[in-house]
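In what follows, a structure is listed as structure tokens, so that the remarks can point back to it.
The values are calculated or read from the model by the stated rules, or taken from the named source; none is laboratory data. Predicted model, so just to flag it, every value in this text is computed and none were measured. Note that each Cβ is placed from the backbone with ideal geometry, even for glycine, and that neighbours are counted across all protein chains shown.
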């Protein structure tokens, strides 16, 4: 059994009553879990598995793959301020996509959990802006040691991972003009 502080970064239906839940964890990086029975009315997970919430979670490690079984989720932060504005939701989604884009599943990179937590907490209280996104990209590039180049941090990150930039960035940039 493993446990960690975590941020819920994605979820989708697995069966009629179960969800696959993606977490950004403090000590394990990206972790994918199945929350069995989460959609049942009397589930212990009812009301606890919303996007961007922070929770202390426990999971049982799978013997055969990377889909582990979620056994407990105790909420620590709801981040209701993110739900007030679509630009905040889109910004938070893009920041999470950047982490998924740059980090291998279940690999810990020191400083990333604090970076994501601070960015999401900031977005709860302040409007989304290009400055927030650019600072996150710069800090991410610094954590990976690729920020020293002459180009923009997003270009340095793209050169590092050899993949196209997440498409949410284009949509976000057109929404956050200026």
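If I filter the range 95-121 down to residues being without any contact (Cβ under 8 Å) to a residue 60 or more places away in the chain and surrounded by fewer than 15 Cβ atoms within 10 Å (Cβ to Cβ), which single residue comes out as farthest from residue 83 (Cα to Cα)?
First pass over the range 95-121, keeping only residues without any contact (Cβ under 8 Å) to a residue 60 or more places away in the chain: 95, 102, 110-111, 114-115, 118-119, 121.
Going one step further and asking which of them are surrounded by fewer than 15 Cβ atoms within 10 Å (Cβ to Cβ), we end up with 110-111, 114, 118.
Values: 110: 28, 111: 26, 114: 21, 118: 17 Å.
My answer is 110.
Looking at the range 131-140, which of the residues that are free of Cβ contacts under 8 Å to residues at least 40 places away in the same chain and either in contact with a helix residue (DSSP H, G or I) (Cβ under 6 Å, 6 or more places away or on another chain) or not assigned by TED's automatic domain parsing to the domain that holds residue 154 (or both) is surrounded by the most Cβ atoms within 10 Å (Cβ to Cβ)? Write out each step before concluding.
Filtering the range 131-140 down to residues free of Cβ contacts under 8 Å to residues at least 40 places away in the same chain leaves 131, 134-135, 137-139.
Cutting the leftovers down to either in contact with a helix residue (DSSP H, G or I) (Cβ under 6 Å, 6 or more places away or on another chain) or not assigned by TED's automatic domain parsing to the domain that holds residue 154 (or both) gives us 137-139.
Numbers: 137: 22, 138: 16, 139: 18.
Out of the qualifying residues, it is 137.
A quick yes/no check of all residues on (1) in contact (Cβ under 8 Å) with a residue 12 or more places away in the chain; (2) under 12 Å from residue 3 (Cα atoms); (3) surrounded by 15 or more Cβ atoms within 10 Å (Cβ to Cβ); (4) over 17 Å from the mean Cα position of the chain (by Cα):
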site	(1), (2), (3), (4)
36	yes, no, yes, yes
42	no, no, no, yes
49	yes, no, yes, no
58	yes, yes, yes, yes
61	yes, yes, no, yes
64	no, no, no, yes
72	yes, yes, no, yes
85	yes, no, no, yes
Out of (1) loosely packed, with under 15 Cβ neighbours inside 10 Å; (2) assigned to a loop (DSSP other than H, G, I, E, B), what's the single condition that is false for residue 128?
(1)
Identify the single condition in (1) within 14 Å of residue 9 (Cβ to Cβ); (2) assigned to a helix (DSSP H, G or I) that residue 105 does not satisfy, given that it satisfies every other one.
(2)
